[in-house]
Amino acid sequence: MPIRQTIVARIPLTLPLVVLIGGCTANTRTSENEIATLTAKAERACLCERRDGPKGKPACWASFEKAIASKKATESESLCHPTWTTDRIWSEEGEGKSVTTYYHAAVSHPPEVILCTPGEAKTFEDALTAGSPDDPETSRRADKIARDIVTGQSTATASGRPMCS
């Protein structure tokens, strides 16, 4: 009897410890909802930076940087054309995760314009693919649309995803 009482007496003390330790190893995989939240923060930060300029950049990106800090993400650029992206990438259990922070539009002068949302990038791509790729007028029209988006003169953006996202 004394041995059985000793074992029973230890169980209530060790069970909460096991539950407590088990709670500390919660799944830390990034959910699709968290990716969507990070993406929305990146879009807001990019639009804020566009509005506030280079001096406002640190304040504009502070919330995004705080939210993504635990991911230990690195910056990467895609190699697409006519738009390419700057992304923050990280790996979880061998699976790559990413959030796009900027869309770059290849325009004639300057050589690129920064766009902030998939809709803005798609609008530029749609304008560029509406005509012949060799037609200078098509390029001028697409360049103007990209510049209008950046300066706030064009608010109608396409739905969907750009080719390289």
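Summary table
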| item | result |
| --- | --- |
| Failed criterion for S63 (all others in (1) in contact with a Cys (Cβ under 8 Å, 6 or more places away or on another chain); (2) under 24 Å from I35 (Cβ atoms) hold) | (1) |
| Matching entry among A158, A121 (being surrounded by 15 or more Cβ atoms within 10 Å (Cβ to Cβ), at pLDDT below 90 and within 24 Å of N33 (Cα to Cα)) | A158 |
| Given (1) within 14 Å of T30 (Cβ to Cβ); (2) open to solvent by less than 60 Å² (accessible area, probe 1.4 Å); (3) touching a Phe, Trp or Tyr at 6+ places or on another chain (Cβ under 7 Å), number of the condition I68 does not satisfy | (3) |
| Tabulated pairs, segment 143-165, first on the phi > 0 side of the Ramachandran plot, second at pLDDT 90 or above and surrounded by 15 or more Cβ atoms within 10 Å (Cβ to Cβ), C-beta under 7 angstrom, 6+ apart or interchain | G160/K122 |
| Qualifying strands (runs of 3 or more DSSP E) (wholly inside segment 36-117; at least 1 residues being closer than 17 Å to I149 by Cα) | 83-92, 95-106, 112-115 |
| Residue that is farthest from the chain's Cα centre (by Cα) [pool: residues in segment 127-155 that are closer than 21 Å to R50 by Cβ and not in a helix (DSSP H, G or I)] | Q153 |
| Test for V99: is it open to solvent by 20 Å² or more (accessible area, probe 1.4 Å) and in contact (Cβ under 8 Å) with a residue 60 or more places away in the chain | no |
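The values are calculated or read from the model by the stated rules, or taken from the named source; none is laboratory data. Source: prediction; values computed, not measured. FYI the Cβ positions are ideal-geometry reconstructions off the backbone, even for glycines, and counts take in every protein chain you see. In case anyone asks, the SASA skips ligands and DNA or RNA and just uses the protein heavy atoms, side chains included. Shrake-Rupley method; radii C 1.70, N 1.55, O 1.52, S 1.80 Å.
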